[in-house]
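The structure appears right after this line, and notes come after that.
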Amino acid sequence: MTENSVTSSSPKWRGDLAAHLREGGMIILSGDQYRDGDLDFAMAASKVTPQAINFMAQHGRGLICLGISQQRAWHLGIGRQDAGSHASSGRPFGVSIEARHGVDTGISAYDRAHTISVAVAPDARAADLVTPGHVFPLIADPGGLAARKSTLEAGLELCRRYDLGEGIILCAIMRSDGSMARAEDMQEFAATHNVPVIDIGDITNG
């Protein structure tokens, strides 16, 4: 697979996806088989900024999560919220986290961006984090997309392919009335904000 072979369904978007993500760009992921058409904003956690977190909070309105591998979760001492089975939504939540140092209330865009930066730093340790906190980890299936076709595994796969570090930030997208957005709702938004819509099937088959 070449770096440019993942396609976007966003109108007027013909950019280089790898370059877009490396520059801290955001995408919309669709096609999660567990979530019945729900969409997520996604970006590489290694590129997080307070502005990006604020954008997700303002335009996505859903829970902002940090997707990580199972190995990374073990390394950071992040356990599953439920060691048995996860919810029907397919969201395998870990225990919420906060950076041990450098945060105020923990909920601001700055504080959440800082916590994410601490968690995905190459030299991060369990001692750098405390629980509970305001960042919600999602722990991926070690089998990746082959085992679980969700936006979590798809986002981590893009980070792996494009050498963007070990974490993906995800935020579920809701309409202004509180219901879940669908792909057709986001086409104009995607074109206006230069946010390509990527179906995870294109990543799986790439």
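The values are calculated or read from the model by the stated rules, or taken from the named source; none is laboratory data. Remember, it's a predicted structure, so these values are computed and weren't measured experimentally. With ideal geometry, Cβ positions are generated from the backbone for all residues, glycine too; neighbour counts draw on all protein chains shown.
Observations
- Single residue of the range 157-177 satisfying the filter (in contact with a helix residue (DSSP H, G or I) (Cβ under 9 Å, 6 or more places away or on another chain), in a loop (DSSP other than H, G, I, E, B) and among the acidic types (Asp, Glu)) that is nearest to ALA119 (Cα to Cα): GLU166
- Some residue of the range 198-205 being without any contact (Cβ under 8 Å) to a residue 24 or more places away in the chain and surrounded by 15 or more Cβ atoms within 10 Å (Cβ to Cβ): no
- Tally, over the range 31-78, of residues that are touching a Gly at 6+ places or on another chain (Cβ under 7 Å) and aromatic (Phe, Trp, Tyr): 2
- Of all residues in the range 153-206 being farther than 22 Å from ASN54 by Cβ and of a type in the set (S, T, N, Q), the one that is modelled with the highest pLDDT: SER179
- Number of the exception - HIS86 against (1) modelled with pLDDT of 95 or more; (2) closer than 18 Å to ALA172 by Cα: (1)
- Of the residues making up the range 138-161, just one is of a type in the set (Asp, Glu), closer than 23 Å to GLY77 by Cβ and surrounded by fewer than 23 Cβ atoms within 10 Å (Cβ to Cβ), namely ASP141.
- If the condition is being free of Cβ contacts under 8 Å to residues at least 40 places away in the same chain and touching a strand residue (DSSP E or B) at 6+ places or on another chain (Cβ under 7 Å), then the range 132-142 contributes GLY133, HIS134.
- Each residue in the range 138-156 was checked for being aliphatic (A, V, I, L, M) and part of a helix (DSSP H, G or I), and 5 of them qualify.
- Within the range 184-206, if we keep just the residues that are hydrophobic (A, V, I, L, M, F, W, C) and touching a strand residue (DSSP E or B) at 6+ places or on another chain (Cβ under 7 Å), the residue that is nearest to ALA19 (Cα to Cα) turns out to be VAL195.
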